[in-house]
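Bear in mind that the values in this text are calculations on the coordinates, not laboratory data. Given the structure is predicted, the values throughout are model-derived calculations rather than measurements. Virtual Cβ from ideal backbone geometry, glycine too; neighbours counted across all protein chains shown.
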Amino acid sequence: MEMGMRGDCLHNMASQKWLEMIQKAEKKCIIEDGTNVYCTLTMMLSEYLHTSGKQKVHYQFSPAEEMVEEYNWETGVLIRRAWRKKNTFGGEGQWDVEIGDPETRFLNLNQVGIKESSSAPFVSRRITKTSLEWRIRNLPYPLSVYTVKAEPESKCITVRTTNKKYFKKLAVPDLERAGLLPEQDKIQFTHKHNTLIITYQKPPEVYGLEKKVLQELKKIKPCKEGDMQCNPS
Amino acid sequence: MEYMYIVFVYLQAAAAARVQEVREITRIERIGAHSHIRGLGLDDSLEPRHVSQGMVGQLSARRAAGVILEMIKEGKIAGRAILLAGQPGTGKTAIALGMAQALGIDTPFTSMAGSEIYSLEMSKTEALTQAIRKSIGVRIKEETEIIEGEVVEIQVDRPATGVGTKVGKLTLKTTEMETIYDLGNKMIESLMKEKVQAGDVVTIDKATGKISRLGRSFTRARDYDATGPQTRFVQCPEGELQKRKEVVHTVTLHEVDVINSRTHGFLALFSGDTGEIKAEVREQINAKVAEWREEGKAEIVPGVLFIDEVHMLDIECFSFLNRALENEMAPVVIMATNRGITRIRGTNYKSPHGIPIDLLDRMIIVSTSPYQEKDLKEILKIRCEEEDCEMSDDALTVLTRIALETSLRYAIQLITTASLVCRKRKSTEVNIEDVKRVYSLFLDESRSAQFLKEYQDEFMFNEMEEEPMEVTA
């Protein structure tokens, strides 16, 4: 009983914190769809756009930290989320993709010096209506090799292989924001086309948090695509 | 007869192979005028040893340099200026380089020539400000990504044509995983330099590209018996290969300026100077650094700015330096010149060393004196070793005489030329004949001037020179 209550308390505190961060941030949003029609003020047209469009939101949490989210407007599901922080000396950092396919960075090898071979496994995260998903590509080994374990002490999920070829600690920021710890019974995984697919059943608290954030976003007035400042550099 | 012919062909082939080898080596490391200097050559009580670390003689100047070095290492006193003055060829640049080596990599040491200030891209004061800020370091803890693992395999492919960049792959593993990395050219060379082999446990800093060998993995302990007593064995790292660790970095203030003033977007891909940096940016950075210093997050490491041929700076630069040296974040400035009483650039006034008296007043002046014969002999011996040339004792004595009569630099030039002449006659040791030959082939400054005086009418645009350039007596 007490554990349950403490869990609830943690959950409330954490989700409250995340919600506050979202509310305090400076937000800009733009609705766009495939045919690049400008969104207008008339209700009819905007309804049309909403049904087939993407909503892109930009959050400026502080001068040093910003986030970009892309939602499917119709279903309210998050397609992409990326962060950018300024590094210690004030220089601009790179975009860190949290949800969605990683950004293809054509790193000049002579400048960077060392980078992972292109055949190395890489992780890409997705969110669906019912679950949190990880897809780890370039993993050729059969399903029996993998063990996926929830590690509540380190707030992550680890992927191990019996042939000691791959090991990864996966952080779950969505659970952290909702104040939850990863649980083993919610994890399922399969292997197809050289890809390991891990699915985590979305707990109801995460649903609730997502809904509240979407409500906040509805309050922002979307700007026309033409209004977006393009800083030619 | 046939036998002789075969031997002859073999010798030719061997000689060709040796020449090839020499070419390979010289591509990696070219021998400069001061590459034999490894330090100041002082002992623990700051007394200079006669011949040590590539430095010879010039005892009082080196002792003074040693005292200055201690002052720099303490780091508490900012903005001191030191002037090294002396005749040409008396070791001023050598002493400055010795100090740079003695300070080590952690202290920023910026070396520049006076004429470098004059650039079309930026004003003189901007060039000076950048040089000054390049000499002040900030030591700060930064979280950076490092790759730590045991080397499984290093594969380097040289291109078939012999020209072009090498392609490399490095396989690293931990107790749980294994990954292949692509390597850039610089990284491949660092790996070769550190002599990294399979079984070594290494740490690679992604930001700086630095490779450190932590030791050999225990699992490879039984592979080789002759690993030597120095080998340290460590555990194979656990967990992920790429980790975030807090590392202490030293960046110069100039680098911080550049990072903060760079325009966003694709221009950031182009490395290089941004030209003039706004004063507001610099003030912001100074404020931020002062803040970090108070919080204890960062440490200021004042370094050394060495300006060679300082008589090339003009009156504007000198006035700027007067003020800049009074800033509490100024580095130690070491200047060197060989001019006597000369006109200050930008004015019509004459002054010692071509430097205005008010700046001279702020400086500590260290003078260097011309070398004695035995010092010259030692220096020439060291250069012979550095340039890989074997010389007989009489040849060395003759060369020393030449150095006394003409100049040290001329004698140093004769070393490699004489060794080439000697190689032509298929011998390994340079003798007096070789030295005499190159002496007659190449003129030194005074003989050349004499020659001109005699044949001046036959040269184009000839005029009698008004007065010779004044040099510190």
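Would you please give the FRET efficiency between A:LYS85 and A:LYS149, computed as 1/(1 + (r/R0)^6) with r the Cβ-Cβ distance and R0 = 22 Å, to the nearest 0.05?
0.15
Working from label points 7 Å from Cα in the Cα-to-Cβ sense, the A:VAL97 to A:LYS164 distance is 3.3 nm. Cross-link pairs exceeding 32 Å between alpha carbons, from the set A:LYS211/B:LYS206; B:LYS288/B:LYS350; A:LYS202/B:LYS206; A:LYS186/B:LYS243; A:LYS129/A:LYS219; A:LYS28/A:LYS192: A:LYS211/B:LYS206; B:LYS288/B:LYS350; A:LYS202/B:LYS206; A:LYS28/A:LYS192. Taking the number of Cβ atoms within 10 Å of each Cβ as an exposure proxy, the fewest-first ranking of B:ARG244, B:ARG133 is B:ARG244, B:ARG133.
Taking the Cα centre as origin and putting +1 on Lys and Arg beta-carbons and -1 on Asp and Glu beta-carbons, what dipole magnitude results for chain B, to the nearest 20 debye?
Working: 60 positive and 74 negative charges, 129 e Å.
The dipole of chain B has a size of about 620 debye.
In a reduced charge model with +1 at each Lys and Arg Cβ and -1 at each Asp and Glu Cβ, segment B:142-247 shows a dipole moment near 420 debye about its Cα centre. What residues from segment B:136-151 fall in the zone where the backbone N is under 15 Å from a label point 7 Å along the Cα-to-C-beta line of B:VAL234? Only B:146-151 pass the distance filter. At 7 Å along Cα-to-Cβ for each site, give me the label-to-label distance between B:GLU153 and B:LEU404 in nm. That separation, rounded to one decimal, is 6.6 nm.
Classify segment A:86-184 as rounded, prolate or oblate, taking a ≥ b ≥ c as the square roots of the eigenvalues of its Cα gyration tensor: rounded when a/c is under 1.5, otherwise prolate if a/b is larger than b/c and oblate if not. Judged from the Cα gyration tensor, segment A:86-184 comes out oblate (a/c at least 1.5, b/c at or above a/b). Distant-in-sequence amide contacts of B:ILE82, defined by a placed amide H-H separation under 5 Å and a gap of 5 or more residues or a different chain, comprise B:VAL333, B:ILE334, B:MET335, B:ILE364.
Tell me the mean residue ellipticity at 222 nm calculated for the protein assembly as shown from its helices only (DSSP H runs of n ≥ 4, each -39500 (n - 2.57), averaged over every residue, nearest 500). The per-residue figure over the protein assembly as shown is -10500 deg cm²/dmol. Loop-located trypsin sites (Lys or Arg not before Pro) in segment B:62-132 (DSSP state other than H, G, I, E, B) with a sparse environment of at most 15 neighbouring Cβ atoms within 10 Å: B:LYS76. Taking θ as phi - 60° and the Karplus parameters 6.51, -1.76 and 1.60, the scalar couplings of segment A:165-175 work out to 9, 9, 8, 8, 9, 9, 7, 10, x, 5, 5 Hz in sequence order, x denoting glycine and proline. Taking every full run of DSSP H in chain B, the ones that stretch at least 30 Å from end to end by Cα along their long axis and average -1.0 or higher on the Kyte-Doolittle scale are B:2-28.
Shape class of segment B:373-457 from the Cα gyration tensor (axes a ≥ b ≥ c, square roots of the eigenvalues): oblate, since a/c reaches 1.5 or more and a/b does not exceed b/c.
Our coupling estimate for segment B:237-249, obtained by passing each phi through the Karplus curve with A = 6.51, B = -1.76, C = 1.60 and θ = phi - 60°, is x, 10, x, 7, 6, 9, 10, 9, 10, 8, 10, 8, 10 Hz, Gly and Pro reported as x. Model label points for A:ALA120 and B:SER52, set 7 angstrom from Cα along the Cα-to-Cβ axis, are 4.7 nm apart. Taking a ≥ b ≥ c as the square roots of the eigenvalues of the Cα gyration tensor, segment B:142-247 is oblate, since a/c reaches 1.5 or more and a/b is not larger than b/c.
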